[in-house]
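Values in this text are rule-based calculations from the coordinates and carry no lab data. Note that the structure is predicted; figures quoted are calculated from it, not measured. Cβ sites come from the backbone with ideal geometry, for glycine too, and all protein chains shown count toward neighbours.
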């Protein structure tokens, strides 16, 4: 009897953690495990905003898959998924196809642009190493051009971030640190540069404790971030952004719009025929979509409801990692011939949002609020804990955030 | 009786050295010396190609004027010259005007584009801190974009340098060092990138010893530089360059053309009414244009003939510095009431062209040829000697090239 094939799509938080856990729990004769990923590396999506701002190098954020995957136990295929065919138990790749007995889908998010005119064409999104370092260079290139033009263009120095949710706030926090350095590098007065955060909701960080939101906004405003709250983006072009606030239309001249206001599940998953809601697939507490006993969905594409709030859990790294651990354990049970799968229950440890290098806000463990240095330190603890799980102490030493006093 | 006004235009090699020498040779009651410059800093034009390639930071290349000029002895006006009126003994600035008794013009070069279609609009020139760091960022931005596009554009990775004279050769030498770093930074295979040097003359480095030229070309070709010699650039657009070689037209897809093939004197000087030849003003051995006893021209705008070769001396830093020293000495004589001015005679020490960090060629002292490390070391000696003249040992320590083993 041949070994069952387990195929894992995507080496994001969910996919890579599933692979790492399976290589520990399964023996070489239990199953063939294959991990498929577009790049040779995994990256920490939650650090990309730092790479995009230019405050952290992207080599700190990415981890070569070969550094955490034992390729004598798990096959690694570097390729791009083009189609999932759950009826045929197949996955089509740009350069091949794979058959599976069990499939783990960890394909992550796409930006949701809500049909806003010109947004898709003219705004950047922070969703990969490639896009993050392009944003870094795009901002810097505009600064470099500024003093080379006889007629100074303010659009080069206005940076607009769409969305004051988690990513938007963390990104403007990094920009507030980075902009003074760029001003020095290109001989531009700091006061000429604007960092503008536009949010449609009536508050920044919707869902966060109001006291924390106020702290965050004060901290960021003190470092020169402008907020436009309750402002709907209407249009983005190559050199301006139009929004509406209090029934007034306003324009901002800008070459740089970074969209951090909406995500949806990967469209490949929706196109595979699963029932979907904005690209996310409702799954049971075993993380399988209804009617598919051989498919597990982990991370951003999985839709699970929070019974307490009656709303879906947000797509976070924390939940993706927990889902991956659960899925690896359940797959191991299935491979060993057990019928009973353990149900998934999120164990939320809390949330910390950084506000640049030296400041942060957070809620951890039973609603305790954190501000400033203690929140910054907690964020680093969380990040290092993930690296420890993924690659042990060597990986923490190599990629961890170990300077707690910076 | 009021003190005579000496006005110095430009803080390039010629202008700043004139000012530094005058502040030593003249007392506070001898004359009012005013130095006018667009920026608050002097820069070493001969290092700009390193800043443009990204192999040396521009802060190493520039020197704050206040670090070498004693402002209690020399006035510094940061402004842009708009017109020279030798008839009225006046200089018009963007934000003012100055009257002079003696004028020293050290306004430097402009790119000569010889009417090549699209060159002025689409090619970069290495002529200031602003333009150099823009070239650095432009190249890097194209590398950053490359992997973000579904259809890869070769034009982003083809870098074309127009001219294999001194600057062109030195620039491609730095690029050959820089490109592998950029490839690593942006996950691009080195073999996808082309560095192409296009020269209209029948040889690279026209005027150099053929043995040195061969050495230089071999060194650069070994590091991946392609030469198109005897190739006339016909047209430059946003994304291509057209040249003609052996009566064949060829196109290179490229977003990056750096023009290093021709300079002319500053057009302000020509427009002032002096007799001019491609923007350069023939001057006597006292460095004054015929008919103007109160005007001295130093550096790139001064045209002096080499009696031995029957051709004009090239506009080099070495000659500009010697002219400045001569002019400061002669001005001191005039201020002190002496009639006799010392004639200028260039004292050519030799020439060294770098080929990146670790290689160079040169001719120094009586036609001795230098290759490799000894030429690299000689280049650094020359650069440090200039800094020593300009600002003494502290400036050498701050901005000098002191690592002779790199």
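Treating r as the C-beta distance of residue B:148 and residue A:340 and R0 as 35 Å, the FRET efficiency rounds to 0.15.
Can you give the mean number of other chain Cβ atoms that lie within 10 Å of the Cβ atoms in peptide A:180-188?
2
Compute the acute angle (0 to 90°) between the alpha-carbon long axis of helix A:317-335 and the principal axis of greatest extent of the alpha-carbon atoms of chain A; round to the nearest 10°. That helix lies at roughly 10 degrees to the long axis.
Measure out, as a whole number of angstrom, how far apart the alpha-carbon centroids of the range B:169-233 and the range B:331-370 sit. Here the answer is 28 Å between Cα centres. Give the calculated FRET efficiency between residue A:226 and residue A:305 to the nearest 0.05, with a Förster radius of 30 Å applied to their Cβ-Cβ distance. So, using R0 = 30 Å, E works out to roughly 0.25.
Multiplying the residue separation of residue B:77 and residue B:267 by 0.36 nm and removing their Cα-Cα distance gives an extension gain of 66.3 nm.
Post the alpha-carbon centroid distance, the range A:71-90 to the range A:117-136, in whole angstrom. Here the answer is 27 Å between Cα centres.
Any chance you could give the angle, 0 to 90 degrees and rounded to 10, that helix B:129-146 forms with the longest Cα principal axis of chain B? Taking Cα atoms only, the helix is inclined about 10 degrees. Rounded, prolate or oblate: which fits the range B:315-406 when a ≥ b ≥ c are the square roots of the eigenvalues of the alpha-carbon gyration tensor, with rounded for a/c under 1.5 and prolate only if a/b beats b/c? Oblate, because a/c is 1.5 or more while a/b does not exceed b/c. Is the shape of the range B:1-118 best called rounded, prolate or oblate, per the rule: a/c under 1.5 gives rounded, else a/b larger than b/c gives prolate, else oblate, with a ≥ b ≥ c the square roots of the Cα gyration tensor eigenvalues? In terms of gyration-tensor shape, oblate.
Helix A:13-25 and the long axis of chain A differ in direction by around 30°, with both axes built from C-alpha atoms. Residues of the range A:114-132 falling in the label zone of residue A:349, defined by backbone nitrogen less than 16 Å from a point 7 Å along Cα to beta-carbon, are absent. Label point of residue A:151 (7 Å along Cα→beta-carbon): distances to the other copies' equivalent points are 3.2 nm, sorted ascending.
Inter-copy label distances for residue A:202: 8.3 nm (label point placed 7 Å from Cα along Cα→Cβ; shortest first). Highest GNM mean-square fluctuation among B:335, B:169, B:126, for chain B modelled with Cα contacts below 10 Å: B:335.
Work out the FRET efficiency for residue B:366 and residue B:201 from their Cβ-Cβ distance, taking R0 = 25 Å, and round it to the nearest 0.05. Present the calculation step by step, with values, prior to reporting the outcome.
Details: r = 26 Å, r/R0 = 1.04.
Computed FRET efficiency for residue B:366 and residue B:201: 0.45.
For the residues of A:135-143, the average number of beta carbons from a partner chain within 10 Å of their own beta carbon is 4. One decimal place: the segment residue A:117-residue A:3 gains 36.0 nm when fully extended, by the rule 0.36 nm per residue minus the C-alpha distance. Distance from a point 7 Å along Cα→Cβ of residue A:278 to each backbone N in the range A:224-257: keep the residues under 16 Å and list them by number. Counting only backbone N, you get A:233. Taking the number of Cβ atoms within 10 Å of each Cβ as an exposure proxy, the fewest-first ranking of A:205, A:35 is A:205, A:35.
Summary of the geometry: the range B:20-38 and the range B:241-278, compared by the centres of their Cα atoms, lie 36 Å apart.
When B:83, A:199 are ordered from fewest to most other Cβ atoms inside 10 Å of their Cβ, what list results?
Numbers: B:83 12, A:199 26.
The fewest-first ordering by Cβ neighbours comes to B:83, A:199.
For the pair residue B:64 and residue A:59, label points projected 7 Å from Cα toward Cβ lie 3.3 nm apart.
For peptide B:127-134, the mean count of partner chain Cβ atoms within 10 Å of a residue's Cβ comes to 4.
Structure remark: mean-square fluctuation, Gaussian network model of chain A, C-alpha springs under 10 Å; the largest value among A:138, A:42, A:340 belongs to A:340. Rounded, prolate or oblate, given the Cα gyration tensor of the range A:130-265, with a/c below 1.5 counting as rounded? Taking the square roots of the gyration eigenvalues as a ≥ b ≥ c, the range A:130-265 is prolate. Taking each residue as 0.36 nm, the span from residue B:388 to residue B:251 lengthens on full extension beyond its C-alpha to C-alpha distance by 44.7 nm.
Just order A:8-20, A:101-113, B:349-361 by mean Cβ neighbour count inside 10 Å, highest at the front, would you? Please list the in-between numbers first.
Values: A:8-20: 28.4, A:101-113: 23.1, B:349-361: 21.5.
The peptides rank, most packed first, as A:8-20, A:101-113, B:349-361.
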